[in-house]
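Below: one structure, written as structure tokens.
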Amino acid sequence: GEFCPLCTLPIPLPLGRHSVFEVCCMKTICNGCNMAAQKRGMFDCAFCRAPCPDNDADQLAMIRARVKKKDPEAIYHLGTKYCHGELGLQKDMQMAVELWTEASELGSIEAIFNLGNAYFNGDGV
């Protein structure tokens, strides 16, 4: 499972209901830490203090900036966005597989899992 990088407590499943994913630092933060930061008047990222992007274009720009720095989580995340056609991207399984391959070579466990599923299902390979 995932652990919150701020309070170090385990995040309950399903992650989507109990946490927020910040594209600025590629961290999953528990709702408790996020809410505590907001109560203190901090509406930026609770982990890195960067302003949260308002729209898909800003999110994509933040992700691509981290991809250029060879961040495996950002590369995996961009591959997932291509897989589902999110953030205004055209759905492209071949690009997703390429990105997941790069992320898996850099050590992303989630990318290895998605890459295995893609090969098993014959998607984009």
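The values are calculated or read from the model by the stated rules, or taken from the named source; none is laboratory data. Since the structure is predicted, the reported quantities are computational estimates derived from the model, not experimental observations. Note: ideal-geometry Cβ built from the backbone for every residue, glycine included; neighbour counts use all protein chains shown. Heavy atoms of the whole protein, side chains included, go into the accessibility calculation; ligands, DNA and RNA do not. Shrake-Rupley method; radii C 1.70, N 1.55, O 1.52, S 1.80 Å.
Being of a type outside the set (S, T, Y) and crowded, with 23+ Cβ neighbours inside 10 Å is the filter; apply it to segment 63-76 and report the residue that is farthest from F21 (Cα to Cα). Can you show your working first?
Filtering segment 63-76 down to residues of a type outside the set (S, T, Y) leaves 63-75.
Remaining after also requiring crowded, with 23+ Cβ neighbours inside 10 Å: 74-75.
Working: A74: 12, I75: 15 Å.
Only one residue fits best here, namely I75.
Kindly list, by first and then second residue, each pair from a residue in segment 104-125 that is among the hydroxyl-bearing types (S, T, Y) to a residue that is not in a helix (DSSP H, G or I), limited to pairs with Cβ atoms under 6 Å and residues at least 6 apart or on different chains.
Pairs that qualify, where the first residue is among the hydroxyl-bearing types (S, T, Y) and the partner is not in a helix (DSSP H, G or I), are Y119/V125.
From the list F43, F21, F47, which one is of a type in the set (F, W, Y), surrounded by fewer than 19 Cβ atoms within 10 Å (Cβ to Cβ) and under 15 Å from the mean Cα position of the chain (by Cα)? Steps first, answer last, please.
Numbers: F43 fails: under 15 Å from the mean Cα position of the chain (by Cα); F47 fails: surrounded by fewer than 19 Cβ atoms within 10 Å (Cβ to Cβ).
Every option except F21 fails the conditions.
With the requirement that a residue be in contact (Cβ under 8 Å) with a residue 24 or more places away in the chain and more than 24 Å from A65 (Cα to Cα), what does segment 3-29 give you?
The answer is C7, and nothing else.
Do we find that Q38 is touching a Phe, Trp or Tyr at 6+ places or on another chain (Cβ under 9 Å), among the polar types (S, T, N, Q) and open to solvent by 40 Å² or more (accessible area, probe 1.4 Å) in this structure? Quick ask: steps written out before the conclusion?
Details: touching a Phe, Trp or Tyr at 6+ places or on another chain (Cβ under 9 Å): no; among the polar types (S, T, N, Q): yes; open to solvent by 40 Å² or more (accessible area, probe 1.4 Å): yes.
No: the conditions fail for Q38.
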